[in-house]
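Here is the structure we will look at, set down as structure tokens.
The values are calculated or read from the model by the stated rules, or taken from the named source; none is laboratory data. As the structure is a prediction and not an experimental result, all values here were calculated from the model. Cβ sites come from the backbone with ideal geometry, for glycine too, and all protein chains shown count toward neighbours.
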Amino acid sequence: MGVVKALTAELARLVGEDGVVTAREAREHHSQDVWTTGGLVDLVVRPKTQEAAAAALAACARAGVPVYPRGGGMSYTAGYLGERGGGMSLDTSRLTRIVEIDETDRFVRVEAGCTWAALHEALKPKGLRTPFWGPLSGLASTIGGGVSQNNAFFGAGTHGPTGQSVLSVSVALADGSILRTGSAGQRAGSAFFRHDGPDLTGLFVGDCGALGVKLEITLRLVEMPAHEAWGSFSFAAPDAMAHAASAMARTGLACEIFGFDPGLTAVRMQRASILSDAKTLAKVVTGQKTLLKGAVEGARMALAGRNFLSQADFNLHFVTEGHSRVGVEDARRRLAAICEREGGKAVEPTIPKVIRANPFTPLNTMIGPNAERWVPVHGIVPHSQAVACWAAIEAYFASLKDRFEAEGVTTGTLITTLGETGFLIEPVFLWPDALFALHEESVEANYLKKLERRPANPAATALVGEARAGVVDIFTRHGGVHFQIGRTYPFAKTRRPETLALLRSIKAALDPDGIVNPGVLGLGGSS
């Protein structure tokens with residue numbers, strides 16, 4: 001503890017006394033994620049500047065104290081949790097500046113703790129957007145976390161995941177130096193271009209903070225599309241829905257494609273009705289380009305009510321956008337024709353309308369509608385493996401049916417696509433268990449107070465852990481890959497020897513003592 005005490009004093013000098021937290025409650029909070037609890041960290045550091053963050057990292061390296069970088073805290077894969085106690089949680093939540101919006105050269109520089117929602121609101125008045133513009137949890141999820149973990153959702157259908165919108169990163173290395181990638185790596189360069197020699201930017205995309213701590217990210221900017229259209233279709237079977245999603249993805253016409261199985265649809269319908277929320281309806285109305293179109297779309301939503309989906313069906317949704325109204329309508333018709341060809345029945349596209357009008361909502365969906373715990377597991381497979389992989393997961397869940405029912409575990413599945421090549425399958429689990437402090441802080445207080453808390457349920461939690469591991473095995477057999485690998489997905493174990501050797505040599509060069517997020521990616525380190 002003498003080392004920690006001396007380090008605490010040094011860190012207070014480097015980042016300010018208000019930036020070093022040793023209270024047990026804060027340390028416990030930073031030692032858990034949505035899924036699990038790790039070893040208790042010794043202290044939490046919240047720097048206000050990039051330079052202070054780099055200096056704090058170097059101080060920990062000199063002291064041999066591990067550092068666990070943390071963004072919005074939305075990990076469900078132990079992404080920032082040490083396996084043993086001790087170390088420092090480096091909280092980037094105060095690094096929130098939007099450093100530069102360059103409308104001429106079409107890039108934006110943000111600090112790592114800036115949320116996707118904050119950036120979206122800052123760009124909207126300028127008629128600009130990043131190509132990929134955030135996950136559904138963008139109200140809390142940070143851009144630094146998104147680059148470290150990769151994300152799916154807004155814009156991913158046409159632009160791919162987070163990393164494909166990144167031009168440059170500034171990363172604090174273990175020795176406290178700050179590495180700048182892409183064209184910003186020149187002595188006199190700006191961050192306008194990613195490809196300038198070897199793609200060092202790509203090295204830090206999806207690294208889960210194993211190689212350094214993100215301080216600043218530069219993203220591409222595009223003009224906000226002037227028009228959008230939506231479609232929703234109901235399918236009797238998962239195979240047909242999967243085939244339709246894959247066929248739409250291959251056209252490159254849909255900026256978002258996503259679907260729910262009956263289990264997930266049932267959960268959504270149990271939640272407080274988004275359609276009864278006048279503010280949500282108003283956002284759909286005012287979000288349209290003309291008052292007439294807004295009135296029409298609002299009226300259609302109101303008439304559809306909550307009966308627009310059958311809870312027994314598989315429901316698929318898409319959004320298409322562009323700068324030409326005629327072009328967008330043509331794309332909508334082409335996408336709808338694909339769904340119809342696969343046996344889909346058109347329903348009112350209320351869900352994509354609402355999600356587009358109100359993209360970053362409060363994080364109430366990180367628990368179940370009856371205060372259950374919630375956790376996903378996901379994999380990304382090629383289109384040729386999507387149907388078989390999903391069927392294998394469903395068969396596996398069927399084999400666990402009696403055990404799930406005995407412990408009160410329910411499941412649902414989300415699918416979505418990434419560019420033209422990736423098909424993401426995300427089973428989610430809900431089960432009765434006590435909530436974590438992270439849930440209590442993240443979910444709206446007014447929502448929480450309506451729910452009856454559950455007691456701890458280690459048996460059900462253990463079953464969910466077993467089932468998640470089983471699903472990961474299925475993804476591995478189907479050639480699946482993963483975002484936010486953390487300490488959950490078998491990254492190192494599934495690498496070819498040459499690939500793993502290179503990664504380990506890079507880790508050793510950048511972090512010779514293994515103090516930066518040790519154990520993440522399965523690369524080892526001093527945890």
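Looking at segment 73-131, the strands (runs of 3 or more DSSP E) lying wholly inside it that each contain 2 or more residues that are within 26 Å of residue 367 (Cα to Cα), of a type outside the set (Phe, Trp, Tyr) and in contact (Cβ under 8 Å) with a residue 24 or more places away in the chain sit at 88-91. Do you know which residues across segment 214-243 are more than 29 Å from residue 315 (Cβ to Cβ) and either surrounded by 19 or more Cβ atoms within 10 Å (Cβ to Cβ) or touching a helix residue (DSSP H, G or I) at 6+ places or on another chain (Cβ under 6 Å) (or both)? If the condition is that a residue be more than 29 Å from residue 315 (Cβ to Cβ) and either surrounded by 19 or more Cβ atoms within 10 Å (Cβ to Cβ) or touching a helix residue (DSSP H, G or I) at 6+ places or on another chain (Cβ under 6 Å) (or both), then 214, 215, 216, 217, 218, 219, 220, 221 are the ones that fit. Regarding segment 171-180, can at least one residue be identified that is surrounded by fewer than 24 Cβ atoms within 10 Å (Cβ to Cβ), closer than 30 Å to residue 60 by Cα and among the charged types (D, E, K, R)? Yes - at least one qualifying residue is present in segment 171-180.
The rows are residues; the columns are (1) in contact (Cβ under 8 Å) with a residue 24 or more places away in the chain; (2) crowded, with 20+ Cβ neighbours inside 10 Å; (3) over 23 Å from residue 216 (Cα atoms).
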{"position": "9", "(1), (2), (3)": "no, no, yes"}
{"position": "19", "(1), (2), (3)": "yes, yes, no"}
{"position": "28", "(1), (2), (3)": "yes, no, yes"}
{"position": "43", "(1), (2), (3)": "yes, yes, yes"}
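Assess whether residue 54 counts as being under 27 Å from the mean Cα position of the chain (by Cα), part of a helix (DSSP H, G or I) and buried (at least 16 other Cβ atoms within 10 Å of the Cβ). In short, yes.
Here's the yes/no breakdown for (1) within 23 Å of residue 165 (Cβ to Cβ); (2) modelled with pLDDT of 95 or more:
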residue: 212; (1), (2): yes, yes
residue: 255; (1), (2): yes, yes
residue: 264; (1), (2): no, no
residue: 279; (1), (2): no, no
residue: 293; (1), (2): no, no
residue: 307; (1), (2): no, no
residue: 314; (1), (2): no, yes
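Inspection of segment 218-227 finds a residue satisfying the criterion of being in contact with a Lys or Arg (Cβ under 8 Å, 6 or more places away or on another chain), touching a residue at least 40 places away in the same chain (Cβ under 8 Å), hydroxyl-bearing (Ser, Thr, Tyr) and part of a strand (DSSP E or B). Taking the residues in segment 122-152 that are more than 20 Å from residue 80 (Cα to Cα) and in contact with a Gly (Cβ under 7 Å, 6 or more places away or on another chain) as candidates, determine which candidate is surrounded by the most Cβ atoms within 10 Å (Cβ to Cβ). Only one residue tops the list, namely 132.
Here the condition is being buried (at least 19 other Cβ atoms within 10 Å of the Cβ), hydroxyl-bearing (Ser, Thr, Tyr) and either modelled with pLDDT under 95 or in a helix (DSSP H, G or I) (or both); of 417, 461, 413, 488, it holds for 461 alone. Selection of segment 57-68 for residues being in contact (Cβ under 8 Å) with a residue 40 or more places away in the chain and either outside any loop (DSSP other than H, G, I, E, B) or among the aromatic types (Phe, Trp, Tyr) (or both) yields 57, 58, 59, 60, 61, 63, 67, 68. With respect to the conditions (1) at pLDDT 95 or above; (2) assigned to a helix (DSSP H, G or I), residue 441 lacks only one, and its number is (1).
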